[in-house]
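Presented below is the structure to which this report refers.
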Amino acid sequence: MQMMFRREKRRSFLILFLALVGSCMLGAQPNGNEFKFMHYTNEDGLPSSYVKSITQDPYGFIWLATRVSVCRFDGTEFREFPAYDDAGQPVELMAGEIALYNDTLLVCRSIEGEYFYFDFDYECYRSFNLLNDLGPFQAMEYSEQGGFWFIRESRLYYLDLTDNKVLELHEKEPFQELSGNGIPVYHVKERNGKQVLVTGLEEIWVIDRPHKVLNRFRMPEMLIGEYMNIFYLDGYDHAWMGTSSEGLCRMNLVNGQVSYFNEDSGEGQSLLHNLTHCMTEDQTGRIWIGTEDGLCVWSPVSESFSYSQYNLTNPEGLNTNPIYSAFCDRDGNVWLGTYMGGINLWSAEEEFFTTWRAGTGQHYLGGNVVSCFEEDVNGNLWIGLEDLGLNMLDVSNGVIRKYRHRSGRNSLSFNNLHDLLFETPERLWIATYTGGINIMNIRTERFEYINTETHPQLPSNNVYCFLRHNDSILIGTTAGVGVYDLNTGKLSRFYDEVFNGILIESMCKTENRIWFSSRPMVYYYDLEADTLVAFDRIPYFKGINFIKKDSRNRVWIGDSYEGLCYYDEKADTVVYFNSDSGFPVSWIFSLEESVDQWFWASSGRGLVKFNPETRVYKLFDNNSGIPFNQFNYRASFKDSRGTVYFGGNNGMVSFNETVNRRDDPALEVVFTGMQLFNQPVKPGKDSPLKKSINRVSEVELRYKENVFTIEYTAFNYAYRGRCQYAYYLENFEDSWNYVGNRRFATYTNLKPGEYYLHVMASKTTSDWENPEKLLKITIRPPFWLTYWAFLIYFILVGAILAGIYLISTRIQKSKALVEIERKERKYAAEMNQMKIEFFTNVSHELRTPLTMIMAPLYSIMHQDHLSPALRKKLAGVERNVKRLLTLINQLLEFRKIENGKEHLSVSRGDIYAFAEEIRDSFMPVAESKNIQFILEKPEQPAHIWFDHQKLEKVLFNLLSNAFKFTGEGGKIILSFKIVHVGPRKKKPEQYLLVAVSDTGQGIEPAMIDKIFERFFQVDNRPVSLRGSGIGLAFVKSLVTLHRGEISVNSKVGVGTEFTVRLPVSENHYTREEKYTGSEQFISSTEKYIDVDPDFNKQPAGATLPTGKPSVLVIDDNRELIEFIQEHFSEKYHLHVAFDGNEGLKQTVRIKPELVISDIMMPGMDGLELT
């Protein structure tokens, strides 16, 4: 309690005026040392923003006495507890002071002077009768001897808590000066074995108990007759005493030396205001003094004050000036209770992450969105923003200078910046979006400009990145890459045929390569080979954000969806870091290398620290002191001091791992509450909680109370209580539940038994080395076990067994089906093999008879006396014999290829002369079917290496199919093209591309993958258009033998295109495969073309003679119709139709006596027609 010394006060208006003026002048001075505070007000749940007293209990909770109530704070939640009087009736507790005594006793003094203690077992306040029964007293101080000192009627007494006995001063302290105890005492404090008494003798008495000495010092002049409103003992044997108007004095308790501090004490020694309200000492020995006009912090090292006052431009400073209470917790954090500003909390934990935000002060960024960094020779950091230009951070004092676009003045051309590069120590290159390149002389602050008007070869004014290479600067833009020659000042485009129109977002340089990244692709320029190559080793990366090089010459690539990877050029390996490898994030914005092979990556969820060799990952988010999780693309930098910077959409963060920091204290978990069926459980005799849940090691529940919630927290005041939590219930689950910042665990319908709840906390999502908190939970079983219960158990067991049986039966059926399918596939393969063997054997038997038929047939057809009708019949025989012989030859050759007995025989020839021969072979067919047949090829001859006979067979098969399936009036294109692949300086390799495209029926998408299978036929094709199913399989085998590839692109109703790609350079083939004799290719005028001849729908000369009956023949087989015409045209007038729809029309038009129709036809079939 405070005491007023009765003496007339002498004040003058002049002194008061000077004090006020001095206070205002001090408030206007810049702060020599900035303090950052977290603020808690009634908007955060604090009952009142007027905080009178603060303390901490043995478990770590902070207790606050506010204007309206007393509350407990765990870092996130403020909680109030009931108070009861002697009769057990609830009372409203409005405390003026709260303190912890003997590390176990939490005592409150109400504004009426009544004392209460907090019952930790039952979580309520109870009347502290031991103190209340002492009667009215003016002051109380806890003694290190385990009792209380209290002053009553200016006399000092001691309350011994061991026997509740009250002793007078001379009975407790055996000094001669204290005998009789007639000394008036107004204030008492005790610390470190020293008891300090402010006596009515205008003396300060110091009882040094360890040395058994009593020292008497004269009271400082400023205290005599004044109201002493503050009395504090620090850890350096000093007593701090103050009045409401004269400031503070500090007395050395060893020698009695006194120092005075007030508003006029001079620089570093003056107070912000003479009215001081509170004091506390932090763990470094600094004295924190709360005044009416701000905070003064005394340093015992410099013997001077630092100050902090409310500043509207500093949101992290004090939020108000009057400070009424101060307390240093066991972690060294300092809590300041203010008048109407709530709690201002200063964290003693050294901030690993330094935050830089936008603001109007000189220590704040000029904009929010940080995009790029660069360091000058003086160590100052230049910062590019995407919203408000350029900033320069003076690292010596933290002052930030800002540069922006000023219309009509020599300044930035635009405020959206993407990259910075020092060309020289004074010339800073600035990449702007839409403003081209700005070059700033940082000494004169003058700007030069490079844009598409001054340098037309600049691909775009949207500039994203720079890279210095020798005497050139590479410039990445939204439309390609430019190269600026620093010697000549000329700008040219770099590989414009590749980069034109491509956004290049980042570049880096390794030993022999320059790397470029665009959103979908990475390229590198080989400095030795002088070639630009597309890097195709990362096919899954479709949203590439950056490319960087580390100290080991590895190239790192970050993606928007698939995480991160690096490419080791020497080992030629790519190593991925994504969700498959346990990497905690997928969207990577930027990357920086730190120390000891550790890296930092920015993401959409925070920063990830990881070691690529050990695969250890640590995620740091807003629970770890990072104020934002959204970082910016490529916005990172590491300066010469090892400080790493990452930019985001709300400022930037920095850190330096080379600076030694104290270890963070371990996070201790405490249980804060329990719920049953979503209802809070209060401790009591009739409650499942016999004591507070934080005071018990076991909770016992009835079997019906098996839906419960356990609440917990960990004290992480330095980060506003933000923690990551994990828990698991032993005997119920085997793995941890990582639940983020959720502070409760709920379990439902647990069976009777013993369970153990394990809870632990972490500041990050990956570091779980803090101690666990354990709580045993016992759920008692019911005292009865009925037959109905056993019946239910029996039914359940039976149902489970039945389910197992059904599932196992289904599994067996599934296995059987799989085995049947496997056997069917094997059978199909065997059947295909049998077909080939069968056709091969038959082919051997048929080949000789067919050859014997061909020879005399050829002689007969060349006789002059044959009639036209007979010659036409023999031509049909010859055509079908050739078709059969061709099919036999293909089967035999196909068999040879499968058995590996067919070999290449390539020779050098003119491919375009070969192409013309192929075209000439098919021109009669094209003319007969009225099909436009086009050959596309360059005019100049081209000699390449290829097997003429095999390529001819491939093209004859493909063209035969094209003519077969292309209707009258269609178009077929045969194109030849030679492409070159490889570096320009070396002899490139040649490849032949041959394409056969038609405007025929097209192929169903479902059939495209099957057309190259042996004996495959499309069932819905007309009989006349169906083949043997061997042609395309034969083609593919020939192309594969030629080391080539064949592909098909088709659309139903539009047409089909087959493309063959063959290697045709000499080095593609071995010496044994090369044919060096005479010209290999011989014109194949006698080759058979498997295309049905076209007929007029109505044969010439088919006019109906008088008396001949008319007959309509409907069939899609044109040779069969020709056969019928030859045999029956003399006796009948024949009409023909090639499908059901056309036949129906002719039937209506000519009304024939007889209609002969096939059944299976395209469109309308024979049955539908009749």
Ranked from fewest to most other Cβ atoms within 10 Å of their own Cβ, Lys609, Lys704 fall in the order Lys704, Lys609
Taking the Cα of Ser814, stepping 7 Å toward and past its beta carbon, and measuring to each backbone N in the stretch 789-803: which are under 16 Å?
803
What's the extension gain from Asp376 to Gln269 if we count 0.36 nm per residue and subtract their Cα-Cα distance?
34.7 nm
Listed here are the pairs Lys172/Lys690; Lys570/Lys937; Lys549/Lys618; Lys194/Lys690; Lys751/Lys813; Lys490/Lys549; which of them are more than 32 Å apart at the Cα?
Lys172/Lys690; Lys570/Lys937; Lys194/Lys690; Lys751/Lys813
Can you pull the one-decimal nm distance between simple spin-label points at Lys1010 and Arg702, each 7 Å off the Cα toward Cβ?
7.0 nm
Projected onto the charge dipole of the stretch 327-394 (+1 at Lys/Arg Cβ, -1 at Asp/Glu Cβ, origin at the Cα centre), which of Trp335, Val370, Trp346 gives the Cα projection farthest towards the positive end?
Trp335
Taking the alpha-carbon centroid of each part, what is the distance from the stretch 60-87 to the stretch 371-429 in angstrom?
51 Å
Run the simple label-point estimate for Glu114 and Lys971 please: 7 Å along Cα→C-beta, distance reported in nm.
10.4 nm
In a shell of Cβ-Cβ distance under 9 Å around Gly235, excluding Gly235 itself, what net charge do Lys and Arg (+1) and Asp and Glu (-1) give?
-2
Can you give the extra length, in nm with one decimal, that the chain gains between Lys751 and Thr1059 once fully stretched, where that is 0.36 nm per residue apart less the Cα-Cα distance?
104.0 nm
Angle between the Cα long axis of helix 13-28 and the longest principal axis of the chain, 0 to 90 degrees, nearest 10?
20 degrees
Fewest to most Cβ atoms within 10 Å: Val51, Val91 sort as Val91, Val51
Dipole magnitude of the stretch 166-237 about its Cα centre, charges +1 at Lys/Arg Cβ and -1 at Asp/Glu Cβ only, in debye to the nearest 20?
200 debye
Using only helices, what value at 222 nm comes out for the chain when you add -39,500 (n - 2.57) per DSSP H run of length 4 or more and divide by the total residues, to the nearest 500 deg cm²/dmol?
-6000 deg cm²/dmol
Would the stretch 1110-1169 count as rounded, prolate or oblate if I go by the C-alpha gyration tensor, calling it rounded below 1.5 in a/c and otherwise prolate when a/b exceeds b/c, oblate otherwise?
oblate
Place the peptides 687-693, 58-64, 946-952 in order of packing, highest mean first, counting for every residue the other Cβ atoms within 10 Å and averaging per peptide.
946-952, 58-64, 687-693
Ranking request for peptides 182-193, 933-944, 862-873: highest mean number of other beta-carbon atoms within 10 Å first, then the rest in descending order.
182-193, 933-944, 862-873
In whole Hz and in residue order, list the ³J(HN,Hα) couplings for the stretch 932-941 that follow from phi through the Karplus curve 6.51 cos²θ - 1.76 cosθ + 1.60, θ = phi - 60°; x for Gly and Pro.
7, 10, 10, 10, 10, 7, x, 6, 6, x
Under the classification rounded if a/c is under 1.5, otherwise prolate if a/b is larger than b/c and oblate if not, where does the stretch 338-396 fall, given a ≥ b ≥ c as square roots of the Cα gyration tensor eigenvalues?
prolate
Give me a comma-separated list of calculated 3J(HN,Hα) values for the stretch 86-101, in order, Karplus coefficients 6.51, -1.76, 1.60 applied at θ = phi - 60°, integers in Hz, x for any Gly or Pro.
4, 7, x, 8, x, 10, 8, 9, 10, 9, x, 7, 9, 8, 9, 10
Please compute P(r) over all alpha-carbon pairs of the stretch 903-1068, binned at 5 Å starting from zero, and give each bin as a whole-number percent.
2, 8, 17, 21, 19, 15, 10, 5, 2, 1, 0, 0
Please state the relative contact order of the chain as a whole percent: Cα pairs under 8 Å, 6+ residues apart?
5 percent
Amide H proximity to Arg742 below 5 Å, modelled H, separation 5+ or other chain, gives Tyr725
A correct Kirkwood calculation over the Cα atoms of the stretch 669-779 returns a hydrodynamic radius in Å of 14.4 Å
Quick one: check the C-alpha center-to-center distance for the stretch 733-798 versus the stretch 554-572, whole angstrom.
43 Å
For Tyr260, Tyr50, order by how many other beta-carbon atoms lie within 10 Å, fewest first
Tyr260, Tyr50
Percent of Cα pairs exceeding the 15 Å cut-off, where the set is the stretch 64-143:
56 percent
How big is the shadow of the Cα convex hull of the stretch 733-793, averaged over all directions, in nm²?
5.8 nm²
Note down the nm distance, to one decimal, between modelled labels 7 Å out along Cα→Cβ at Asn1117 and at Leu874.
2.4 nm
Cβ-placed point charges (K, R +1; D, E -1), dipole of the stretch 903-1068 about Cα centre in debye, nearest 20:
480 debye
Going down the list Lys873/Lys1131; Lys1010/Lys1051; Lys953/Lys1051; Lys872/Lys950; Lys36/Lys763; Lys682/Lys704, which pairs span over 22 Å between their C-alpha atoms?
Lys953/Lys1051; Lys872/Lys950
If we sort 414-423, 674-683 on the protection proxy, mean other Cβ atoms within 10 Å, highest first, what's the order?
414-423, 674-683
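Computed from the coordinates by the stated procedures, all read-outs in this text should not be read as laboratory data. This structure is a prediction, so every number in the text was calculated from the model and none was measured. Here the Cβ is made from the backbone with ideal geometry for all residues, glycine too, and neighbour counts use every protein chain on show.
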